[in-house]
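Peer 1: Please find one structure pasted underneath; my questions will follow.
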Amino acid sequence: MSMALQTGAGRTSWAASVAHVLDTTLDTIALWRQRALTRRELSRLDDRMLQDIGITHYDVECEVTKPFWKA
């Protein structure tokens with residue numbers, strides 16, 4: 001039976017599944033965007049700021065060269 005012919009709980013289940021996939025996708029995109037922004041900001045820190053947070057230029061380079069989808 002096609003999705004178009006389902007009624008009642010089947011339709012609700014399908015809508016809930018679509019909503020879940022959409023929510024998950026949007027959450028993932030938001031996370032990727034935040035990673036990219038955070039890495040861009042990290043790359044702009046000066047030596048004093050890096051020393052304050054206890055990381056080196058090497059640490060920064062390792063982090064900012066990661067693709068946005070990698071944690």
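Peer 1: Once both labels are modelled 7 Å past Cα along the beta-carbon direction, what's the R39-E63 spacing in nm?
Peer 2: About 1.2 nm separates the two model spin labels.
Peer 1: So for the pair H20, I53, with labels modelled 7 Å out along Cα→Cβ, what separation do we get in nm?
Peer 2: 3.6 nm
Every read-out reported here was derived from the displayed coordinates using simple, explicitly stated rules and does not represent laboratory data. What you see is a predicted model, and the numbers here were worked out from it, not measured in a lab. Every residue, glycine as well, gets a Cβ built from its backbone with ideal geometry; the counts of neighbours run over all protein chains shown.
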